[in-house]
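Please treat every number below as a calculation from the coordinates, not as lab data. Quick caveat: nothing in here was measured; it's all calculated off a predicted structure. Glycine gets a Cβ as well: all are built from the backbone with ideal geometry, and neighbour counts include every protein chain shown.
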Amino acid sequence: MPRHNLNDLLAFVTVAREGSFTRAAARLGVTQSALSQAVAGLEARLDIRLLTRTTRSVSPTAAGERLVQAIGYRFDEIETEVDALTALRDKPAGTVRITCGDHIIRTTLLPKLMALLLEYPDIKLEFDVNYGFRDIVADRFDAGVRFSDTIDRDMIAVPIGPDLRMAAVASPAYFATAPVPKVPGDLVAHRCINIRFPTYGGLDVWEFERRGRKQKIRVDGPLTFNTTTHVAAAAVGGVGIAYLPEDEFSPHIEEGRLIRVLEDWCPSFSGYHLYYPSRRQPSPAFSLVVDALRLR
């Protein structure tokens, strides 16, 4: 196959994955005009439309989606093998892309990886803060971070943090005006701080467990967030009761700004895991990142 055909195929796959000529051009380091011409030329040679273009978005047609599924991963494999050649150099190099939540970056990823970046200046890290269940293969991430029970079985999962426990908390000021809940059902009469995760669409349901007995409670309140970033601050401010893994609240609990309730109803669960595709050959840079993050 002529080399320009391979370039056009790569151009098409990148546009289809990015859903944008602008982002695809930036990723490939070419102009939007050159990218558009390459895709148009490929469509002309194949005599079939591969992309549906609107003023706001670009998406693959049925034929285009079939082509992406058939050849996209082959470009990924080529890129991985080329990156793996850095093993022949004195220092590993390359960009490692990880999708995760903001809290785990602050508490685990950056503290564990700062020394690695200083030791290996040719390694770069790119974090994508996202609370949806990203397809790390399709979106071309090297890895993601989730709780272990939400990771697909065909992924390699590496524990990077200890087991966690849920915590229901509120400020002393809040409990000065409201009774302390004794059982989960009492929460329906309280002002609570809600979360609407993008993956599920609806409001998060609070799950409790004691001695094998489980309860799911739908709460209501004046505040709803789509991430956990500001929940602790809202609880400290006296807005209402919040419910998250206890490490989100630890400093505030230790210093008395938040009070735990329903402790005997708050379940424990396996902590954060780094996950990545089992079939992908890891680069030397990625292997160093995994080793630095691994829970010991």
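A few comments on the model shown:
- Integer Hz, Karplus 6.51/-1.76/1.60 couplings in order for the stretch 203-217, x for Gly and Pro: 5, 5, 8, 7, 10, 10, 7, 8, 6, x, 8, 10, 9, 10, 10
- Debye, to nearest 20: dipole size of the stretch 217-296, +1 on Lys, Arg Cβ, -1 on Asp, Glu Cβ: 500 debye
- Within the stretch 165-268, the proportion of C-alpha pairs whose separation exceeds 25 Å stands at 10%.
- For the stretch 1-135, the Kirkwood hydrodynamic radius comes to 17.2 Å, computed from all pairs of different C-alpha atoms.
- By average C-beta atoms within 10 angstrom, highest first, the peptides 286-294, 238-246, 105-113: 238-246, 286-294, 105-113
- Within straight-line cross-link reach of K112, lysines at Cα separation under 18 Å, skipping those fewer than 8 residues along the same chain: K124
- P(r), alpha carbons of the chain - 10 Å bins starting at zero, rounded %: 6, 22, 25, 21, 16, 8, 2, 0
- Nearest 10 degrees, 0 to 90: helix 110-119 Cα axis against the chain principal axis: 40 degrees
- Helix 62-84 axis versus longest C-alpha principal axis of the chain: approximately 90°, rounded to the nearest ten.
- Cross-link reach list, lysines versus K182, counting only Cα pairs under 28 Å and skipping chain neighbours closer than eight places: K214, K216
- Between the Cα long axis of helix 32-46 and the first principal axis of the chain there is an angle of about 70°, rounded to the nearest 10.
- Taking H230, H273, H252, H103 and counting other C-beta atoms within 10 Å, the order from fewest to most: H230, H252, H103, H273
- Selected from D47, D128, D76 as most flexible by GNM, with the chain as the system and alpha-carbon contacts under 10 Å: D47
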